[in-house]
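First comes the structure, then the notes that go with it.
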Amino acid sequence: MPMSANDELASELLRLLGGPGNVAGVENCMTRMRVSPVDRDLIDETAIKSLPGVLGVVDDDTYQVVLGPGKVTKVTDAFRQQLGAAGADADALAARGAAIKAGQKQRNNTPFKNFIRKIANIFVPLIPALIGAGIVAAVRGLLVNWVTVGTAPEFVEAIVPALTVIGSAFFAFLPIFAGINAAKEFGGTPALGGAVAAIIVFAGISDVQYSLPVLGDIVLAPGQGGVIGAIFAAGLCAWIERSLRGKIPDAIDILVTPTLALLISGLATIFVFMFVAGNIASAIGAGAIWLLSNSGLLAGFVLGGLFLPLVMLGLHQALIPIHATLIEQVGFTPLLTILAMAGAGQVGAALAIYFKLNRNRSLRTTIKGALPVGILGVGEPLIYAVTLPLGRPFLTACLGGAVGGAVAGAFNQFAGAFGATAIGPSGWALLPLLQSDNGQGYAILAYVVGLLAGYVSGFLITYFWGFTPALLAEHNADQGEYGAPKSDAVGAGSAASAAPASDVSGTRVVAGQRIDILAPVEGSIIRLSDVQDEAFSAGTMGDGFAVEPTSGDFRSPVSGTITALFPTGHAFGVTTPEGLEVLVHIGLGTVDLHGEGFDLKRAEGDVVEAGDVVVDVDLEAVRGRVRSLATPVVVLNGAAFPIVERRTQDGPPLTVEAVVVASARS
């Protein structure tokens, strides 16, 4: 009896994973097969990635083969059967797999990786407030200029002080917010982290004076040390608190533990951290300004060209405290405006691909959908759906970003420093947040010139050097009605991808139809690229967004039919009548809980409306047992339904991320 496609794929995976003797355990979640290998050197990763049906791999605590919803269960079942047929003992595999998994988790528990994760978790929740306060401050600056000219109405002059307070208050107390989040990350009480960080911004700190050997008299100033000092202080406070818990009698623990933690860490903050962190912050500010003033062109070229590879590796999160420190020190971060040029290179490269591959209808459609949001600074669709899959054009796009960065750096070097007053946006969306000592007009001019340089260079470098003859021939073949190569239009392998989006009755979607995707849970919206899982952050599963949940009611993001619901409740998929397929993956590593804390409210096959509860999660029971509660929301068939607009608004019954999708088919 011939083997099915899933059996064949399972057989190939077993062989390329090193054979039965190299597999200590296997399980699956909703999208990927998770294998615990004995020796990772025996895995042929390149061959696995090239297998038809494999969407990608993630080398984490387990070795994960991304297969997608539905398919992963069938392939994993076939994999287990073949593994058993090869004589593997299930109990022995389970025991050996658990040991290896623990070892791999320890291997990934490196100080550097943990540092990057903690930095991201401290600052990412603050980005909405940074953006809001930054824009208010920018508007206030424009009104001040109007008042200075002398033509502003009286009410404008009256409202300026209020806008000054609204735009400045958050930045003035930013160390407190950083301290609260840092305490969470270091396992302490958030209120204590905020309390010890508040010492840094307290006006009375200027009354504290002391002397140190060699350094002489030390006079502290409110805000000295900023967010860096706050992280130091909150980290020490959390460590003291954890050390005391369990050692202090329960009867007096509530009195003694927080008092000692705050007192000791507070003294360390006053006599060590504020001085040390203040000098670190001053060095970062002075060093960045010196670098851009003396070698801005070269520094801009390097930073603009390397930023996207850093993002793909997750290393860009380490720059967040540097941005925050620069904003505290000089009022804006000149690094962000240079790094934003990386997105300009991607836009220019995408335009070149659009004209170069004039016969590739499906890719051109994707580019048309992704370009508007790319121009506004959301570059993931262009990166993961256009340039990165093509390979060489991704490198030429990075070179375009390098040229844009060099131009922006040249403005810093030869005309004057400029930058962003908040972190988060990029592209044209960053314009309201631009500032410089030479005025906002100069900052906008310098930034726009850099963007245009990135667009033009990304276009030219990609158009003339982005394609080898073989790559051009492969991706620019004549295509059939629905974007598939004519030679493959009736082939089994291309039928699914080439078919037009339609509902279950076969009715074709109206061109340009827009569908809102809601956030499945209350919480903070974050970029998919900030999710600490490569299968999602790299766009392997598709484009979308993620939510840091504050509620346990996980709802359907669209109206449609539940076409996939994992028994553990950690993930579910919904398909709309138009054919849009949306995956909701609740947290990271939640499959390992085997359903504990997850209460299914719906079943596979149920018809739901957007906002209907599908899974109820006990967040307090789950939190701390999983890697993260960040919940990715992914469009699985993005070729037919590219994301073209992102809007955020607050309102019952849940916070909404209105990702508007348009059908790519006519």
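Before moving on, here are some points about what is shown:
- The smallest convex shape that holds all Cα atoms of region 185-260, its convex hull, gives 118 Å³ per residue.
- This ranking places 581, 548, 12 by how few other beta-carbon atoms lie within 10 Å of each, fewest first, which gives 12, 548, 581.
- Neighbour-count order for 594, 585, fewest beta carbons within 10 angstrom listed first: 594, 585
- Residue 115/residue 50 FRET efficiency (R0 30 Å; Cβ-Cβ; nearest 0.05): 0.30
- Checking the Cα-Cα distances for 49/71; 71/601; 49/74; 49/368 against a 26 Å cut-off, the pairs over it are 49/368.
- Label separation (residue 267 vs residue 294): 4.1 nm, computed from points 7 Å beyond Cα along the C-beta direction.
- Residue 145 versus residue 219: modelled label distance in nm, points set 7 Å from Cα along the beta carbon direction: 3.6
- Cα shape, region 331-468, gyration tensor, a/c 1.5 rule: prolate
- Residues 447, 354, 210, arranged from fewest to most other Cβ atoms within 10 angstrom of their Cβ, appear as 210, 354, 447.
- Computed over region 514-662: relative contact order in percent, which uses C-alpha pairs under 8 Å that are six or more apart: 32
Every number in this text was worked out from the coordinates using simple rules, so none of it is lab data. Note that the structure is a prediction, hence the values are computed from the model and not measured. With ideal geometry, Cβ positions are generated from the backbone for all residues, glycine too; neighbour counts draw on all protein chains shown.
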